[in-house]
1. Which order do peptides 79-89, 11-21 fall in by mean Cβ count within 10 Å, highest first?
2. Using 28 Å as the Cα-Cα cut-off, could you pick out the over-long pairs in Lys35/Lys128; Lys75/Lys140; Lys38/Lys143?
3. Mind checking the dipole of the chain: about its Cα centre, +1 per Lys or Arg Cβ, -1 per Asp or Glu Cβ, Debye to the nearest 20?
4. Enumerate the aspartates and glutamates that Lys74 could reach by cross-link, defined here as Cα to Cα under 14 Å, with residues fewer than 8 away along the same chain left out.
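Every number here is computed from the coordinates shown, using simple stated rules; none is lab data. Note that the structure is a prediction, hence the values are computed from the model and not measured. Here the Cβ is made from the backbone with ideal geometry for all residues, glycine too, and neighbour counts use every protein chain on show.
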Amino acid sequence: MKTVYVNDANQASIICPKCGFTKEIDMTNFKNAQKSLKGKCRCGEVFGFSIEFRKNYRKKVRLAGEYRINRKEKKGEIIVEDLSMNGIRFVNLGLHQISIDDTLEIKFELDNQMRSEINTLVQVVWVKDQMVGAKFSGPKSFKSELGFYLRT
Ligand SMILES: [Zn+2]
């Protein structure tokens, strides 16, 4: 069975084995769906494929942490709600002055056995009320720990 990889934009390219027709499908709502799927092409071919989310795996979490805006000396408490290899989504627990493109220093602990501490720089991508989405922008010294954490 052919494996189809989901890219960072949550798109998967399904290629018909018979005619080669390629279809981009949005996998956003397939996250916890079964990993083996059936496709039907416009040529009539029905084929099976499996979906691999490895490159863009996200995990729903609830981890307490804190942030600091480097230059403004502002800091606050956060709850990390969503983690991936590329970034983080968190809820801010107070009034905040975070805006898009800000660089924040983020610190939180994973709830794994080692209680690994993640302390890194992130760049804010979006802000919606108390919720903030950001991508990791510092060196990823925690990469292997985070990768393992996301897979378990
Ligand atoms: Zn086809």
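1. Numbers: 79-89: 18.2, 11-21: 14.0.
Packing proxy ranking, top to bottom: 79-89, 11-21.
2. On the way: Lys35/Lys128 32 Å; Lys75/Lys140 22 Å; Lys38/Lys143 34 Å.
From the list (Lys35/Lys128; Lys75/Lys140; Lys38/Lys143), the Cα-Cα distance tops 28 Å for Lys35/Lys128; Lys38/Lys143.
3. Values: 27 positive and 18 negative charges, 123 e Å.
Taking the Cα centre of the chain as origin, the dipole is about 600 debye.
4. Lys74 reaches Glu66, Asp102, Glu105.
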